[in-house]
Amino acid sequence: MQTLKAFEVRPYLLKNPIQQYAWGTRDAEAFIPLLLEQTPDPGRPYAELWMGAHPSAPSEVLLAEGTLSLPEFIAAYPREVLGTVVRQTFDGDWPFLFKVLSIGAPLSIQTHPNRTQARQLHARDPRHYPDAQHKPEIAIALDHLTALVGFKDFAAIQETLTQYPEIAAFIGAEVANAVQNAVKVSGAAQRALVRQMYAALMSHALTDEVGLAAGLTRLTARLSSAPTATEHAALFLKTRSDYPGADVGLFALFFLNLVHLERGQGLFLAPGIPHAYLNGNIIECMANSDNVVRAGLTPKFKDIPTLIDLLTYELGPPPLLEVATAGKPYRTPATEFQVSRWDWGTGEPYAIERPDAPAIWLITQGAVRLTWAKGEILLRRGQAALLPAALRALTVTADAPGEVFEATTPTSG
C-alpha cells in the first residue's frame, strides 16, 4: 500500500467497475456508458456498474497521490470511513453493494440465501457461493422495470395449470391435480402445495430433459398458432427464442408475478423470493454479497435442490415501494443498506446533517455542488462519491436540476 497522508474529511470521487454480462444493453441502448458520458464499444454488453468494496470488483478511491481500492482505503482509515457504529456492527467490513443495472435481456430466475443458508452454502461450495453473506436487495426503477417477482396467489396458480396443460402434464397428474382440486385450504396448506408442485417441476427437469424439451415444443407450437392472450405467454414466446433447448425456467416463469415499475418505484427482495429482472434500467442495493441460486433462463450453474429448499413460497403480488423524494429513504427491513432519492431543482443551498455512517452518492441527472468546512466539489451526471462517516455536515446546491441517489447504512431505528 502506498504511503498516505493524514485523512482529509471530505467527499472522495470513486472510479467504479463495469460488469459486461451478456444480458446488458448494447450500442445505442447501452445506458451505463450514456450515464458515464462514455462511448460504448460496438456490440459489447454493459450490464452492471458496481459501487462498493466487494472483493470481486471493488471501487477505487481517487486521491491526489493516485488511486486506492475502497477496501484498502477502509483498511487505512477504518474509523474515519466507516464510523463507530458501522465499524463495530460489521466487524470493520463495508456493509453494502450499490449498483446500476441496465437490463436488455432477461436475467436468470433466481433467489438469494438468508444468513444461515449463506454460511452453509459457502462452506459447502465456495466456487459457486463466493461469500458467506446473505443478500437482501432493493431495486428502484430509473426509467422502468419489468420483472418476475414471487409466486402468484394460489387461485392464479390453479388457473395457470388449467390454462397451460403442457406444464401440468410435465409436473405430473398427481401433484397437478392436488393443486387444482384444493378448495378452501389454509395459507400454510397452499404454500405446502405450491412447494410440492414447484419441487416436482424442477426435479422432473433434472431427470427428463427430453420430456421437458418436448413439452416446451408443444407449448411453443400452440401459443404461436393463436393470438397471444396473456403477458406471460408473450414473455414465454419472446424468451423461448433465446433458450430454444430444455430450460425449465420457461415453464417456471408462468407461476411468477409479472410486475411493472415506473420511474422511482421500488421493490424489496428478501432472501427466498424467486425473481428475474426482464427489462429496464435500475438502481440496486444489497448486502455486500454476490451469492445467487439460479433456477432457469440461464446457461450458468443451476442448483435446483438448493433452490427448492431456499424458497419461502410466499404467495401473491409483491408490495411496491412508492417513489421517494426529498432524501427520504425507501423503507426496508435491511440493516446493511438504506437508499434515498432526491429530485433537486436549482435554488437555495440545502444543509444536510449526516449520521456517523458512510455513504455513496450517485448523480443520475444534472449536477450538484457539495460544500463542506474546507472546500467544495461539483458532481456531474454519472459521477459517484464516497462520503466518509467523518463528514458530518454538507451543504448541497444544484447547479442543474437533477436526481441523486444515496446508499448508506442505517445507524438507528
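The values are calculated or read from the model by the stated rules, or taken from the named source; none is laboratory data. In this text, all values refer to a predicted model and were calculated from it rather than measured experimentally. Counting neighbours? That spans all protein chains shown, and the Cβs are built from the backbone with ideal geometry, glycine included.
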- request: Within the range 48-61, identify whether any single residue is among the β-branched types (Val, Ile, Thr), crowded, with 20+ Cβ neighbours inside 10 Å and under 17 Å from ASN281 (Cα atoms), and answer yes or no.
  value: no
- request: Read through the list (1) assigned by TED's automatic domain parsing to the domain that holds ILE140; (2) among the basic types (Lys, Arg); (3) over 25 Å from ILE283 (Cα atoms), then give the number of the only condition that ARG26 fails.
  value: (3)
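For (1) of a type outside the set (Val, Ile, Thr); (2) farther than 30 Å from PRO113 by Cβ; (3) touching a helix residue (DSSP H, G or I) at 6+ places or on another chain (Cβ under 8 Å); (4) surrounded by fewer than 16 Cβ atoms within 10 Å (Cβ to Cβ), each residue gets a yes or a no:
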| site | (1), (2), (3), (4) |
| --- | --- |
| THR325 | no, yes, no, yes |
| GLU336 | yes, no, no, no |
| PRO358 | yes, no, yes, no |
| VAL404 | no, yes, no, no |
- prompt: Within the range 24-47, can you find the residues that are surrounded by 14 or more Cβ atoms within 10 Å (Cβ to Cβ), farther than 18 Å from ASP143 by Cα and among the basic types (Lys, Arg)?
  reply: none
Residues that are among the aromatic types (Phe, Trp, Tyr) and modelled with pLDDT under 90, drawn from the range 260-309: PHE301
query: Can you find even one residue in the range 10-27 that is touching a residue at least 60 places away in the same chain (Cβ under 8 Å) and of a type in the set (Asp, Glu)?
result: no
message: Out of LEU107, LEU101, I need the residue that is assigned to a strand (DSSP E or B) and under 17 Å from THR146 (Cβ atoms). Which one?
response: LEU101
- request: Can you confirm whether the range 361-369 contains a residue that is over 22 Å from GLY83 (Cα atoms), at pLDDT below 95 and not in a strand (DSSP E or B)?
  value: no
- request: Considering only the range 186-217, state which residues are touching a helix residue (DSSP H, G or I) at 6+ places or on another chain (Cβ under 8 Å) and exposed (fewer than 14 other Cβ atoms within 10 Å of the Cβ).
  value: LEU206
task: Please verify whether the range 171-189 includes one or more residues that are under 23 Å from ALA295 (Cα atoms) and either in contact (Cβ under 8 Å) with a residue 60 or more places away in the chain or in contact with a strand residue (DSSP E or B) (Cβ under 9 Å, 6 or more places away or on another chain) (or both).
output: no
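Yes or no, residue by residue, for (1) closer than 24 Å to VAL339 by Cα; (2) buried (at least 21 other Cβ atoms within 10 Å of the Cβ); (3) not assigned by TED's automatic domain parsing to the domain that holds ALA28:
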| site | (1), (2), (3) |
| --- | --- |
| PHE96 | yes, yes, no |
| ARG119 | no, no, no |
| HIS128 | no, no, no |
| ALA132 | yes, no, no |
| ILE167 | no, yes, yes |
| GLY172 | no, no, yes |
| ALA182 | no, no, yes |
